[in-house]
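Here is the structure we will look at.
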Amino acid sequence: MSSVADASLSLPDRQRFALLRALLADPFTCIALILVTGFLITAVFAPWLAPYSPVKIDVLHKLQPPSAGHWFGTDHLGRDLLSRVIYGARTALTIAMVSVAIAGAIGLLLGLIAGYGPHWLDAILVLTFDSLNSLPMIMFALAIITVLGAGTGTLIIVIAATSFPSYARLIRAQTLALKNSDYILAERLLDASPARIIFVHLLPNVVGPLIILLSMDIPVVIMVEAGLSFLGLGVRPPTPSWGSILYDGYTSIRSAPFMVIFGGLPLVLATLGFTFLGEGLRDYLDPRLQLRRPA
Amino acid sequence: MSPLLTIDDLSVTFARAGLLSRLVNPFPLPSFNVIDGVTLSLMPGETLGLVGESGSGKTTLARTILGLVRAAAGRIVFEGRDVRTPADFRAMRRRSAMMFQDPVASLSPRLRIGTLLTEPQIIQGLPMPDRRAVAKALLALVGLPASFVDRFPHELSGGQARRVGVARALAMKPHLLLADEPTAGLDVSVQGDVLNLIGDLKRELGFAAMIVTHNLAMIRHVSDRLAIMYLGRLVEAGPTQDVFCAPMHPYTATLIQSEPIPDPRRRSQNPAVTGEIPSVFRRPSGCEFHTRCPIARDRCKTEAPTYRPMGTDRMVRCHFPLQTGGQEREAFSRASANQKGKLT
Amino acid sequence: MSGSLAASDLSVRYETPHGSVHALRHVDIEAHPGEVIGIVGESGCGKSTLVTALANLLPANARVDGSIRYNGIDLAKLDARRQRLLRGDEIALVSQDPMTAFNPVLTIGDQLVDFQHHRKDLGRAQKRARIAAMLGRVGIADAELRMDCYPHELSGGMRQRVAIAAALLTDPGLLIADEPTTALDVTMEAQIIHLLRALRSEYNGIIIVVSHNLGVIAELCDRVYVMYAGEVVEGGEVDAIFHDARHPYTQALLACDPARFHERLDRLPTIPGSLPNLTQPPSGCVYAPRCACAFAPCGSVAPPLVKLSASHRARCHAVTP
């Protein structure tokens with residue numbers, strides 16, 4: 001019925017900031033936007049926001065509870081915990097966004113090629129995606145780390161390599177569905193080159209669901225990074241990371257329980273923020289799934 | 001004058017297993033001819049109506065002509081040259097255009113109308129100093145306001161999108177226009193607009209058109225010749241007025257009789273034909289129409305009729321074609337009246 | 001049970017983020033048992049809204065004014081449970097695409113058994129027997145065999161027959177066929193038209209046929225309402241509408257149908273202009289901006305419904321009895 005109502009409407013002019021306005025209409029998405037923006041600002045302006053250097057060791061004042069001088073207290077080496085959490089945001093977001101962006105770009109490209117390209121190429125690419133997907137992530141991470149050594153770069157490679165196949169498969173499925181649509185046939189009749197069809201006509205129409213998936217995967221990657229750092233497989237020790245704060249807190253949980261709380265809280269908040277943002281984007285971009293927004 | 005387009009014994013086969021799967025799979029899928037031995041020609045500047053019900057293969061035929069579907073057999077000759085290789089099809093597509101059934105769906109949804117209208121020229125690498133001016137000129141050609149260049153396809157009504165489709169098809173000044181159901185989904189007060197526009201532009205630009213449709217009431221007014229398809233085969237072809245006034249194939253006759261007449265004083269007494277349309281995957285033996293034909297005889301069940309010329313300009317695929325005022329026509333009206341008695 | 005249906009001064013508007021859409025304005029319609037009523041109009045004329053309002057299936061954002069009385073009961077004022085009961089027993093809908101009306105994973109027979117859930121007095125075997133009889137009545141051969149088919153195994157024409165059988169199973173007082181032949185091929189369309197016509201002789205409820213196809217309406221209906229932009233602009237006996245149309249829109253619509261002309265036309269007739277914006281319906285006649293014979297009052301004063309004969313009415317300033 002809504003189609004009847006819509007048909008009789010004159011189409012409104014395209015509203016500026018329509019996306020932002022729609023996202024702010026939902027309270028969850030609104031909170032998510034505040035959280036995500038907050039974390040982004042924290043990450044970018046970490047050197048100005050952090051009261052101390054995150055790596056300055058002060059063993060005389062180790063494991064101090066929160067105080068006016070150290071709002072979040074200090075860790076087992078006497079480093080200021082607030083500064084470490086702030087710099088940890090930088091580490092977490094850098095790794096999460098860079099690895100997800102790389103994985104998304106690779107997945108997008110390979111998915112489009114697999115979906116639109118010749119059948120044999122599709123078969124090869126799908127086989128590759130499936131084999132990469134079947135590797136257990138931790139084992140794969142261990143293998144890569146043995147070769148390249150632990151560190152931020154290695155972490156990004158591991159995460160990107162293990163997550164791009166699922167993006168590629170999403171894009172491939174979308175592309176296959178659009179491949180025989182009328183407008184792609186129309187472009188083929190105009191003798192548009194495959195590159196033109198892929199980049200001008202297919203890409204803008206398949207990228208929407210990928211953006212949603214990517215934004216919902218960022219918190220997963222933050223957790224993975226924290227988990228690997230917790231295991232000592234992630235960022236190397238002096239670099240602050242939420243995972244390593246948790247690990248340090250875990251070893252001294254009896255004497256200084258606040259460390260686990262202050263290490264875990266930003267992790268939880270960032271996860272919630274990005275997840276809600278992803279859901280808000282999905283509601284906006286995929287009207288079929290509009291569950292929360294009123295009709 | 002030599003024909004612009006000639007199609008000779010064209011067949012299209014679907015669901016044929018590849019070499020490898022035929023070796024591996026002990027039960028390969030049988031293949032089906034969705035287009036079977038179609039022969040027709042189109043003169044420059046002529047409008048041909050290709051009429052058939054769903055599943056008759058009319059859209060597949062149009063797509064095969066432009067090389068979107070590969071033909072299994074037969075030949076296509078365009079402007080005196082054989083069209084065989086992909087390069088031949090490319091050359092042919094440069095001089096022809098197609099309008100799709102769903103006008104909005106055939107426009108790339110994320111591009112603006114201005115970009116869509118100038119895409120053919122960009123792809124052909126033609127120099128174009130001012131894209132917007134070219135787009136506006138094309139919009140003016142089909143009677144749309146210039147402000148439409150900044151719109152997106154989903155912001156257009158069915159009739160407007162259809163006009164954009166016409167503009168895009170004619171951007172490269174084609175010699176041949178293939179229009180697939182150009183009035184599908186349009187209101188009766190708007191469909192005339194689109195057809196008049198195509199007619200006007202045809203007179204102005206002189207291209208030939210092939211209109212694929214199931215709408216008999218419409219095609220009667222816009223085509224010079226008709227070709228009727230049933231289950232992937234042509235059953236009749238001839239000048240439009242002659243076919244409407246004196247159909248020779250019983251299927252054509254039933255199609256014309258089945259059209260509801262917008263006049264309560266002339267209500268049809270009985271449906272002209274009973275039974276379901278068979279599927280190409282289970283093509284009846286002999287003449288494919290014998291299962292529904294009111295005048296089918298034993299011969300029709302076993303022996304497939306050939307597509308043969310009748311008189312100077314008509315073709316028919318029937319053992320017992322209806323002749324004006326002849327025995328068969330009377331038999332047809334009698335038989336179809338009898339058959340109706342048996343219905344619900 | 002069958003009774004008369006009367007919608008009087010019925011208006012429906014949809015509340016949308018872009019304002020309210022006045023989809024239906026001051027519609028008066030009546031139908032009596034045994035009649036076949038046609039509702040004809042082009043897209044955006046409000047015929048789907050009218051059908052959904054009659055079937056009590058309007059979406060949540062619709063606001064209804066006026067009344068729909070069926071058998072003396074005002075449908076709009078019933079509570080949800082009684083509305084549902086009425087919908088199941090008394091009002092049946094046959095939609096344009098019967099494929100979407102059936103559950104694809106259940107057989108035809110099972111679904112038609114479920115359609116009779118309110119008949120507590122019948123056993124499963126009896127229900128199946130009723131179905132077989134009904135399928136036979138709508139012209140399906142081998143009814144027993146077809147009951148074990150899934151919807152996708154039937155052709156479009158066959159599915160539409162099953163949909164009609166399903167609608168008739170509950171013996172409704174009101175059968176609404178919304179574009180019943182639009183999705184069908186012309187030879188199948190003719191068969192369904194004849195089926196509906198054959199059924200009306202045995203069925204004593206009201207049949208409402210909604211279509212944009214003038215041919216279908218002329219073939220089937222006793223009385224016709226012509227709709228434009230949410231209003232009924234003309235209504236009357238089918239012969240009066242097709243041979244003595246008085247409203248300029250009805251005349252133009254009839255003139256546009258290429259099926260009426262047997263000689264080849266060089267130019268097909270059209271109606272210039274476009275539908276008014278229904279968020280702000282014009283204060284005068286809705287058709288005035290496109291009307292060839294509009295004069296002074298048409299732009300500002302809403303035309304009255306002029307009574308032309310016992311059943312023939314037109315909403316136009318230029319019409320006089």
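The values are calculated or read from the model by the stated rules, or taken from the named source; none is laboratory data. Since the structure is predicted, the reported quantities are computational estimates derived from the model, not experimental observations. Glycine gets a Cβ as well: all are built from the backbone with ideal geometry, and neighbour counts include every protein chain shown.
Which pairs do you get when a residue that is farther than 14 Å from C:Ile176 by Cα and in the same structural domain as C:Glu35 (by TED's automatic domain parsing), found in the stretch C:192-220, comes within reach of a residue that is of a type in the set (Gly, Ala, Ser) and crowded, with 20+ Cβ neighbours inside 10 Å, reach meaning Cβ atoms under 6 angstrom, with the pair 6+ apart or on two chains?
C:Leu195/C:Gly139; C:Gly215/C:Ala259
Looking at the stretch C:58-99 only, could you name the residues that are within 14 Å of another protein chain (Cβ to nearest Cβ), closer than 29 Å to C:Met188 by Cα and under 18 Å from the mean Cα position of the chain (by Cα)?
Correct list: C:Leu93, C:Ser95, C:Gln96, C:Asp97.
Being within 21 Å of the chain's Cα centre (by Cα) and either at pLDDT below 90 or surrounded by fewer than 16 Cβ atoms within 10 Å (Cβ to Cβ) (or both) narrows it down to one residue among B:Arg308, B:Arg297, B:Arg314, B:Arg292; which is it?
After applying the criteria, what remains is B:Arg308.
Taking the condition modelled with pLDDT under 85 and surrounded by fewer than 20 Cβ atoms within 10 Å (Cβ to Cβ), does B:Leu23 pass?
Considered against the rule, which asks whether it is modelled with pLDDT under 85 and surrounded by fewer than 20 Cβ atoms within 10 Å (Cβ to Cβ), B:Leu23 comes out as yes.
Would you be able to say whether some residue in the stretch B:133-144 is at pLDDT 90 or above and basic (Lys, Arg)?
Checking the stretch B:133-144: at least one residue is at pLDDT 90 or above and basic (Lys, Arg).
What are the pairs with Cβ atoms under 9 angstrom where one residue, in the stretch B:295-306, is closer than 16 Å to B:Met248 by Cα and the other, located anywhere, is in a loop (DSSP other than H, G, I, E, B) and aliphatic (A, V, I, L, M)? Sequence gap at least six, or different chains.
B:Ile295/B:Leu322
Return the pairs, sorted by first residue and then second, in which the second residue is part of a loop (DSSP other than H, G, I, E, B) and modelled with pLDDT of 85 or more, the first residue lies in the stretch C:42-70 and is on the phi > 0 side of the Ramachandran plot, the beta carbons are less than 6 Å apart, and the residues are 6+ apart or on different chains.
C:Gly46/C:Gly230
Inspect the stretch B:64-81 for any residue being under 29 Å from B:His221 (Cβ atoms), within 14 Å of chain C (Cβ to nearest Cβ) and not β-branched (Val, Ile, Thr) and give the result as yes or no.
no
Before we move on, is B:Thr274 crowded, with 20+ Cβ neighbours inside 10 Å, within 18 Å of B:His290 (Cβ to Cβ) and at the interface with chain C (Cβ under 9 Å from one of its Cβ atoms)?
Yes: the conditions hold for B:Thr274.
Could you pull out the residue among C:Ile193, C:Ile217 that is more than 7 Å from chain B (Cβ to nearest Cβ), of a type in the set (A, V, I, L, M, F, W, C) and either surrounded by 24 or more Cβ atoms within 10 Å (Cβ to Cβ) or part of a helix (DSSP H, G or I) (or both)?
Being more than 7 Å from chain B (Cβ to nearest Cβ), of a type in the set (A, V, I, L, M, F, W, C) and either surrounded by 24 or more Cβ atoms within 10 Å (Cβ to Cβ) or part of a helix (DSSP H, G or I) (or both) holds for just one of C:Ile193, C:Ile217, which is C:Ile217.
Here is a list: C:Ala60, C:Ala80, C:Ala7, C:Ala53. Which entry is over 19 Å from C:Asp222 (Cα atoms) and crowded, with 17+ Cβ neighbours inside 10 Å?
On inspection, the qualifying residue turns out to be C:Ala53.
Every residue, every condition in (1) hydrophobic (A, V, I, L, M, F, W, C); (2) surrounded by fewer than 22 Cβ atoms within 10 Å (Cβ to Cβ), yes or no:
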site: B:Ser147; (1), (2): no, yes
site: B:Phe152; (1), (2): yes, yes
site: B:Leu156; (1), (2): yes, yes
site: B:Arg162; (1), (2): no, no
site: B:Ala167; (1), (2): yes, no
site: B:Ala171; (1), (2): yes, no
site: B:Ala179; (1), (2): yes, no
site: B:Ala184; (1), (2): yes, yes
site: B:Asp187; (1), (2): no, no
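Within the group B:Val188, B:Val212, B:Val166, B:Val222, which residue is closer than 30 Å to C:Val40 by Cβ, more than 14 Å from chain C (Cβ to nearest Cβ), β-branched (Val, Ile, Thr) and out of contact with any Lys or Arg (no Cβ under 7 Å at 6 or more places or on another chain)?
None of the others qualify; the one that does is B:Val166.
Say we look at the stretch A:168-202 and pick out the residues that are at the interface with chain B (Cβ under 7 Å from one of its Cβ atoms) and of a type in the set (Ser, Thr, Tyr); which of these is surrounded by the most Cβ atoms within 10 Å (Cβ to Cβ)?
Checking each candidate, the answer is A:Tyr183.
As an exercise: evaluate B:Gly49 against (1) of a type outside the set (Phe, Trp, Tyr); (2) within 14 Å of chain C (Cβ to nearest Cβ); (3) out of contact with any strand residue (DSSP E or B) (no Cβ under 7 Å at 6 or more places or on another chain); (4) under 16 Å from B:Leu5 (Cα atoms) and give the number of the one condition it does not meet.
Only one criterion is unmet by B:Gly49, namely (3).
Residues in the stretch C:105-144 that are hydrophobic (A, V, I, L, M, F, W, C), surrounded by 12 or more Cβ atoms within 10 Å (Cβ to Cβ), more than 14 Å from chain B (Cβ to nearest Cβ) and in a helix (DSSP H, G or I): how many?
7
Out of curiosity, is B:Phe152 more than 9 Å from chain A (Cβ to nearest Cβ) and closer than 23 Å to B:Pro182 by Cβ?
no
Could you identify the single residue in B:Gly37, B:Gly49 that is on the phi > 0 side of the Ramachandran plot and buried (at least 17 other Cβ atoms within 10 Å of the Cβ)?
Criteria check complete, one pass: B:Gly37.
Residues that are more than 14 Å from chain B (Cβ to nearest Cβ) and touching a Phe, Trp or Tyr at 6+ places or on another chain (Cβ under 9 Å): list the strands (runs of 3 or more DSSP E) wholly contained in the stretch C:228-321 that include at least 3 such residues.
Qualifying strands (runs of 3 or more DSSP E): C:231-237.
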